[in-house]
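As structure tokens, the structure follows; a few thoughts come after it.
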Amino acid sequence: MSEQGALRVRLGRLVREAAKFGAVGGLGLLVNLLVFNLVRHTTELPVVRASVLATVVAIAFNYVGFRYFTYRDRDKSRRTRELTLFLLFSVVGLVIENGVLYTATYGFGWDTPLQSNVFKFLGTAIATLFRFWSYRTWVFQALPSPDADAGGTERGTADGADGAPAVSRLGR
């Protein structure tokens, strides 16, 4: 395969991965915002504590979605390591997400329901960029390709009809 063709295949895989990550993340965002607003309007918890609780619920939801949908073809042999790293990077994302909300709420006094939701969403968006990079780089690692040559480059790893990398179908 030519370098341009290989680049096209890799870019296609990245686009599919980002789309799957976005689908799970979008549902996770809905879970996060629903729990946040439910807790905020039915309890006396301060806004950032309600947000942290909602983020934790969304993290659990997202792990299931990422493991069994987005990254189902990735290495599953080291689940303890995977879950530990997922939780570590999720906590960093939680701090980013809720740090934005904390700054808006307590630093600037922006605490109306609309403002809280806007800054919760903004913090989530920033944290999502970090999470996408960290999860794909460190948590859900790709299996080594059987088509890799001695130099470590892939040869002929075309995707199957289901959009999954051909190597992933070996373990199914």
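The values are calculated or read from the model by the stated rules, or taken from the named source; none is laboratory data. Everything numeric here is computed off the predicted structure, so don't read it as measured data. All Cβ positions, even for glycine, are placed from backbone atoms using ideal geometry, and neighbour counts span all protein chains on display. Accessible surface is based on the protein model in full, side chains and every heavy atom, while ligands, DNA and RNA are left aside. Shrake-Rupley method; radii C 1.70, N 1.55, O 1.52, S 1.80 Å.
Checking Val92, Val139 one by one, the residue that is touching a residue at least 24 places away in the same chain (Cβ under 8 Å) and open to solvent by 50 Å² or more (accessible area, probe 1.4 Å) is Val92 and no other.
Among all residues of segment 74-82, there is none that is open to solvent by 60 Å² or more (accessible area, probe 1.4 Å), under 14 Å from the mean Cα position of the chain (by Cα), at pLDDT below 95 and more than 13 Å from Ala127 (Cβ to Cβ). Right, Gly26: exposed (fewer than 13 other Cβ atoms within 10 Å of the Cβ) and of a type in the set (Gly, Ala, Ser) or not? Yes; evaluated as a whole, the condition is true for this residue. Scanning segment 3-22 for residues that are of a type in the set (A, V, I, L, M) and open to solvent by 50 Å² or more (accessible area, probe 1.4 Å) returns Leu7, Leu11, Leu14, Val15, Ala19.
Number of residues in segment 40-73 that are modelled with pLDDT of 95 or more and in contact with a Pro (Cβ under 7 Å, 6 or more places away or on another chain) equals 0.
So for segment 50-70 (the condition being open to solvent by 20 Å² or more (accessible area, probe 1.4 Å), on the phi < 0 side of the Ramachandran plot, touching a residue at least 40 places away in the same chain (Cβ under 8 Å) and in contact with a Phe, Trp or Tyr (Cβ under 8 Å, 6 or more places away or on another chain)), does at least one residue qualify? For segment 50-70, residues open to solvent by 20 Å² or more (accessible area, probe 1.4 Å), on the phi < 0 side of the Ramachandran plot, touching a residue at least 40 places away in the same chain (Cβ under 8 Å) and in contact with a Phe, Trp or Tyr (Cβ under 8 Å, 6 or more places away or on another chain): absent. For the criterion of being at pLDDT 95 or above and out of contact with any helix residue (DSSP H, G or I) (no Cβ under 6 Å at 6 or more places or on another chain), Tyr102 fails. Can you find a residue that is of a type outside the set (Ser, Thr, Tyr) and open to solvent by 60 Å² or more (accessible area, probe 1.4 Å) anywhere in segment 96-106? The answer is no, given that none of the residues of segment 96-106 is of a type outside the set (Ser, Thr, Tyr) and open to solvent by 60 Å² or more (accessible area, probe 1.4 Å). The numbered conditions (1) of a type outside the set (A, V, I, L, M); (2) under 13 Å from the mean Cα position of the chain (by Cα); (3) closer than 18 Å to Leu122 by Cβ are all true for Arg67 except (3).
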